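This report concerns only the one structure given below.
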Amino acid sequence: MKGKKGMVLWISFLILISISWATPAYLAEKSPYKIGVNLELTGPWAEVTKTVKMAMVMEVEKINAMGGVDGHPLELVIEDNGFDLGRAAANMTKFSRNKEIVAVVGPFEDNLQATTRAIAEREGITDIIICPSNPMVRSLNQRWSFNIAQSDIIVSQKLVDLCLARGYKKILVFPGNWPLALSLAEYFKRFGEEKGMKVIISKETHKPTDIDMTPQLIKLKPIIESEKVDALYASTGGPPGPIICKNMRTLGIKIPIIGTHAFGFNFIIALGGEAMEGVEFAAGKPVVPYQLDKDDPVRPIVIDFDKRMRARYGVGADQIAGHAHDTIWLIYDALKRCQGKVTRANFRDALENTKGLKSCHGIYNYSPTDHDGLTKRDLVFIRIEGGKFMRIKFPGFE
Amino acid sequence: MTPWAYIPQLFSAGITIGAIYALVGLGFVTIARASQIINFAQGEFVMLGAMITFFLLKGGGLPYPLAALVAVILVVIIGFLLHITVLYPLRKASIPILLMATLGASIFISNTTALVFGTLPRTLPAFLGNQPLQIGGIFIVPQSLFVLGATFLLLISLYLLSHRTLLGKAMEASSTDPLGADLLGISRNLMVFLAFGVSAGMGAIAGIFITPIFYTSYHAGTLIGLKGFVAAVLGGWGKNSGAILGGFVLGVVESLSIAFIPSGYKDAVAFVILLLILYFRPKGILGSPFIDSRRW
């Protein structure tokens with residue numbers, strides 16, 4: 001009996017071995033296309049980059065299950081940069097010296113991406129940036145860098161539309177004291193004044209680490225009252241957004257609040273609680289997958305992605321996961337369209353020629369003069385009601 | 001509009017934030033009074049109190065008061081553990097080494113929290129809603145009154161502990177006169193051990209009371225701890241009343257400064273005030289039992 005048991009084990013072991021040998025042999029018919037991923041997996045962005053990683057891994061597996069890119073599987077080479085400039089630069093250099101890597105995704109933080117973009121230019125490798133970028137870096141129009149997220153320009157245009165639709169004539173902007181927030185404020189003023197609105201940018205600003213905006217808002221309150229401001233635009237991101245809303249309501253300031261696309265995350269509502277009721281902003285489509293128009297070409301993609309995220313990870317899609325999804329499918333699309341052999345230069349040219357690619361956030365079009373991809377039509381208006389994101393529509397403004 | 005018009009509202013905002021600095025400062029003082037150690041992990045106790053409450057409330061489904069109580073007990077245990085694992089083995093080392101050890105412990109606690117609870121900022125529900133009370137043109141959230149109340153209750157209980165109980169007196173003696181305490185048979189290690197527990201508990205209570213007004217995240221402890229430390233030094237290092245007064249002075253000055261200068265310089269103001277007070281009165285406002293002013 002003992003011998004028989006041993007035999008069975010032995011045979012099953014042999015079968016296992018042969019299967020595990022056979023699988024890579026079958027897959028390795030064509031070499032994988034490797035994508036470097038340079039993310040802040042540890043440090044303050046850990047939660048956000050975890051979502052990015054989850055979504056990217058899921059989409060790559062889906063593509064590989066579909067047979068990869070013309071038989072070549074995609075492979076992610078993920079490196080943590082620990083929210084550290086030196087390590088982000090080292091990862092980027094490492095990726096660029098590894099001849100197998102076709103393109104790099106990330107990093108997130110402003111100054112980190114400024115550095116890797118510069119390395120990308122020097123080494124001639126595509127760098128795809130997920131997080132909205134510092135306008136000073138974005139305006140460099142670097143040849144090898146592509147932005148996935150909505151730029152400050154289109155978000156400002158869309159918010160001006162929101163104000164026009166709501167009939168707001170006079171807006172007070174309370175900006176955060178960092179480049180992206182300040183640039184959102186500046187563009188909002190420029191586009192708003194073109195449309196005949198009066199936009200006041202407050203001299204009082206706030207920092208990402210401020211836990212209490214009451215003092216600044218106390219100083220703004222008389223301006224709001226004497227100038228009869230229609231709404232306050234909190235040009236900010238992260239925890240300061242809900243803090244501003246909370247502090248405003250505490251001070252008895254009742255005017256409507258307009259936010260940025262950075263308000264479109266569930267943790268923002270959790271932080272602000274009741275104070276977030278009635279806040280309106282423009283954000284990417286993954287915030288409200290099921291409220292998109294029935295004829296929206298993007299709707300089935302977002303809903304399918306949201307369902308797969310829920311099934312696999314138990315969390316729905318959000319804007320960040322959407323960016324990660326779009327990144328992978330943009331890469332897939334560009335690889336498919338590569339002329340001849342896939343090289344870094346061919347890949348870059350193919351990505352730059354992306355036309356009308358439908359993905360979670362909207363329809364991507366890149367060109368030699370536009371590395372931003374999306375337009376203001378890819379944003380939707382959102383209002384926070386009952387602790388949920390509700391899509392709002394205005395005739396003539398979508 | 002003249003800056004004077006918003007002084008009352010700024011003053012009340014300053015009182016709230018001052019009460020928070022005072023609460024955190026008290027924790028620093030408790031340990032200093034027992035051991036002369038500056039515990040830089042104090043801010044982490046504040047953060048842990050709020051974080052643990054949040055997860056017991058949302059994840060564990062406990063009722064709010066019970067969640068808060070369990071969190072305070074857990075943080076007290078963490079305070080004891082901090083003493084047993086970090087400071088007790090180093091009891092023969094000099095004060096600067098202990099100081100570095102607490103700094104290391106603070107980084108360890110904050111990163112462990114990030115691993116366990118994640119890096120997203122969290123907040124707690126207010127005890128009695130968010131509807132602001134309007135008193136003569138000044139708006140106040142009910143939670144601010146709770147923070148003020150907690151500050152005074154803690155101050156009174158600390159006063160009773162150190163002036164009315166043998167234990168409290170023993171704790172103080174072990175710091176001000178270590179040799180005398182030894183001769184009287186007071187176990188100094190036990191006193192420091194207890195002080196860590198008391199201080200951790202106070203930090204946790206502070207965290208639970210203030211988080212509904214703001215929010216907390218794994219790295220929130222560092223800044224709040226620093227401000228609490230400044231408050232304690234400002235008022236008189238080593239005095240409970242000093243920490244309270246220092247906290248209020250710091251909060252009010254920080255808040256009022258906004259009326260006259262742009263808000264970007266708010267944090268700098270606190271430190272300029274600290275420097276000025278330390279130049280002219282190194283003992284702090286109320287004087288410090290640890291700093292001998294004759295040297296200046």
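Taken together, the values in this text are just the output of simple stated rules run on the coordinates, not laboratory data. Quantities reported herein were computed from a predicted structural model and do not represent experimental measurements. For neighbour counting, all protein chains shown are included, and Cβ atoms are generated from backbone atoms with ideal geometry for every residue, glycine included.
Counting Cβ atoms of other protein chains within 10 Å of each residue's Cβ and taking the mean over peptide B:116-123 gives 6.
Round to a whole angstrom and tell me the spacing of the C-alpha centers of region B:168-206 and region A:247-303. After rounding, the separation between the Cα centres reads 51 Å. From the alpha carbon centroid of region A:141-200 to that of region B:44-98 is 44 Å. Applying a DSSP loop filter and a limit of 15 other Cβ atoms within 10 Å to the GluC sites (Glu not before Pro) in region A:60-110 leaves A:Glu100. Helix A:299-313 and the long axis of chain A differ in direction by around 70°, with both axes built from C-alpha atoms.
Extension gain, B:Lys169-B:Trp4: 0.36 nm per intervening residue step, less the Cα-Cα distance, totals 54.8 nm. Each peptide in B:127-136, A:243-252, A:351-360 was scored by the mean count of other Cβ atoms within 10 Å over its residues; highest first, the order is A:243-252, A:351-360, B:127-136. Measuring against 23 Å, Cα to Cα, the residue pairs A:Lys219/A:Lys246; A:Lys198/A:Lys246; A:Lys170/A:Lys219; A:Lys219/A:Lys254 contain A:Lys198/A:Lys246 as the ones spanning a longer distance.
Dipole magnitude for the protein assembly as shown: about 680 debye, using +1 per Lys or Arg Cβ and -1 per Asp or Glu Cβ, origin at the Cα centre.
Among B:Leu154, A:Leu180, B:Leu250, B:Leu145, a tally of other beta-carbon atoms within 10 Å of each Cβ gives an order, fewest to most, of B:Leu145, B:Leu154, A:Leu180, B:Leu250.
Cβ-to-Cβ counts within 10 Å put A:Arg299, A:Arg97 in ascending order as A:Arg97, A:Arg299, the fewest first. From its DSSP helices (H runs of at least four residues, each -39,500 (n - 2.57)), chain B gives a residue-normalised ellipticity at 222 nm of -23500 deg cm²/dmol. Report, to the nearest 10°, how far helix A:85-97 tilts away from the longest principal axis of the Cα atoms in chain A, using its own Cα long axis and a range of 0 to 90°. Taking the Cα atoms of chain A, the angle to A:85-97 is about 40 degrees.
Using a simple spin-label model with pseudo-atoms 7 Å out from Cα toward Cβ, A:Lys388 and B:Leu81 lie 4.0 nm apart.
What is the calculated FRET efficiency for A:Asn64 to A:Arg97, with r their C-beta to C-beta distance and R₀ = 25 Å, to the nearest 0.05?
It comes out at approximately 0.45.
Per DSSP helix of 4 or more residues, -39500 (n - 2.57); summed, then divided by the residues of chain A. What does that give at 222 nm, rounded to the nearest 500? So the calculated ellipticity at 222 nm is -15000 deg cm²/dmol.
Placing unit charges on the Cβ atoms of the charged side chains and taking the dipole of chain B about its Cα centre, the candidate lying farthest along the positive direction among B:Gln134, B:Gly235, B:Ala173 is B:Ala173. Label separation (A:Lys195 vs B:Leu184): 7.4 nm, computed from points 7 Å beyond Cα along the C-beta direction. Listing A:Val173, B:Val70 from fewest to most neighbouring C-beta atoms within 10 Å gives B:Val70, A:Val173. For chain A, the relative contact order is 15 percent, taking Cα pairs closer than 8 Å that sit 6 or more residues apart in sequence and dividing their mean separation by the residue count. Among the trypsin sites (Lys or Arg not before Pro) found in region B:37-95, those both in a DSSP coil and sparsely packed, with 13 or fewer other Cβ atoms within 10 Å of their Cβ, are B:Arg91, B:Lys92.
Ignoring lysines fewer than eight residues from A:Lys50 along the same chain, the ones with Cα atoms less than 26 angstrom from its Cα are A:Lys34, A:Lys62, A:Lys94, A:Lys207, A:Lys285, A:Lys307, A:Lys358, A:Lys388, B:Lys58.
So which helices of chain B fit the span-like rule, where a helix is a whole DSSP H run, its Cα atoms reach 18 Å or more along the axis, and its mean Kyte-Doolittle is at least 1.0?
Helices meeting the criterion: B:7-35, B:42-58, B:64-82, B:95-117, B:142-164, B:188-210, B:220-236, B:240-260, B:266-280.
Mind running the shape call on region A:306-398? Use the C-alpha gyration tensor, a ≥ b ≥ c as the square roots of the eigenvalues: rounded below 1.5 for a/c, prolate if a/b tops b/c, oblate otherwise. Oblate, because a/c is 1.5 or more while a/b does not exceed b/c.
Ordering B:Ile95, B:Ile258, A:Ala275 by Cα displacement along the dipole of the protein assembly as shown toward the positive end leaves B:Ile95 in first place; charges were set at the Cβ atoms of Lys, Arg (+1) and Asp, Glu (-1). Other residues whose C-beta falls under 12 angstrom from the C-beta of B:Lys266 contribute a net charge of -2, scoring Lys and Arg +1 and Asp and Glu -1. Near A:Phe267: Cβ cut-off under 15 Å, other residues only, Lys/Arg at +1 and Asp/Glu at -1. The net charge is +3.
Close amide-amide hydrogen proximity is noted between A:Val105 and A:Gly36, A:Val37, A:Asn38, A:Ile128, each under 5 Å apart and 5 or more residues distant or on a separate chain (H modeled in the peptide plane; Pro and chain starts excluded).
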